[in-house]
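Down below is the structure, laid out as structure tokens.
The values are calculated or read from the model by the stated rules, or taken from the named source; none is laboratory data. Note that the structure is predicted; figures quoted are calculated from it, not measured. Heads up, the Cβs are rebuilt from the backbone with ideal geometry, glycines too, and the neighbour counts pull from every protein chain shown.
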Amino acid sequence: MKTKNFAIMISTILISVFSLSAQAVNTSSVTILDDVIKSVFKYPAEAKSEGITGFVIVEVQMDNDGRINVKQINSDNEMLKNYVISQLNNIKIPNAAIGADEVRIYKFKFKLI
């Protein structure tokens, strides 16, 4: 009986956060946004199964209703870019009016280890 070797792929998403706003903001809304983004983003199953890696850099701004508006986005992979947009469109932060208008930049690195 032959033994088959299986490679185990460990997927990771590294998220970097940068703030571009010098104005006073509701840090609890910003912290909540950062925490939500860290919890919502997983390695997309299709990208993982196809061995797709890459990065997405996105500039976002939260509106008064707690919705995330994508201002700019750059990626080396269209599938990963669309995944990030889709996930951001599903986020709504309650009671975010005080922290609205702050511009944030997130960098997502999708890597298979």
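Could you figure out which of (1) surrounded by 12 or more Cβ atoms within 10 Å (Cβ to Cβ); (2) within 14 Å of the chain's Cα centre (by Cα) isn't true of residue 101?
(2)
For a quick check of your reading of the model, give me the residue pairs whose first member lies in region 49-64 and is farther than 16 Å from residue 109 by Cα, whose second is basic (Lys, Arg) and at pLDDT 95 or above, with beta-carbon atoms closer than 6 Å and at least 6 apart or on different chains.
From region 49-64, the pairs are 61/71.
Give the residue that is surrounded by the most Cβ atoms within 10 Å (Cβ to Cβ), with candidates limited to residues of region 60-78 that are over 23 Å from residue 95 (Cβ atoms) and either out of contact with any helix residue (DSSP H, G or I) (no Cβ under 9 Å at 6 or more places or on another chain) or of a type in the set (Val, Ile, Thr) (or both).
So the residue we want is 73.
So residue 98 ticks every box in (1) at pLDDT 95 or above; (2) outside any strand (DSSP E or B) but one. Which box is left unticked?
(1)
In region 11-48, what residues are loosely packed, with under 13 Cβ neighbours inside 10 Å, in a helix (DSSP H, G or I) and modelled with pLDDT of 70 or more?
Within region 11-48, 31, 35, 38, 39, 40, 45, 46 qualify.
Please specify each residue of region 49-91 satisfying the condition of being charged (D, E, K, R) and either part of a strand (DSSP E or B) or in contact with an Asp or Glu (Cβ under 7 Å, 6 or more places away or on another chain) (or both).
59, 67, 71, listed by residue number.
Of the residues 56, 84, which single one is of a type outside the set (Phe, Trp, Tyr), within 14 Å of residue 37 (Cβ to Cβ), at pLDDT 90 or above and touching a helix residue (DSSP H, G or I) at 6+ places or on another chain (Cβ under 9 Å)?
56
Hey, can you tell me all the residues within region 65-113 that are in contact (Cβ under 8 Å) with a residue 40 or more places away in the chain and basic (Lys, Arg)?
104, 107, 109, 111
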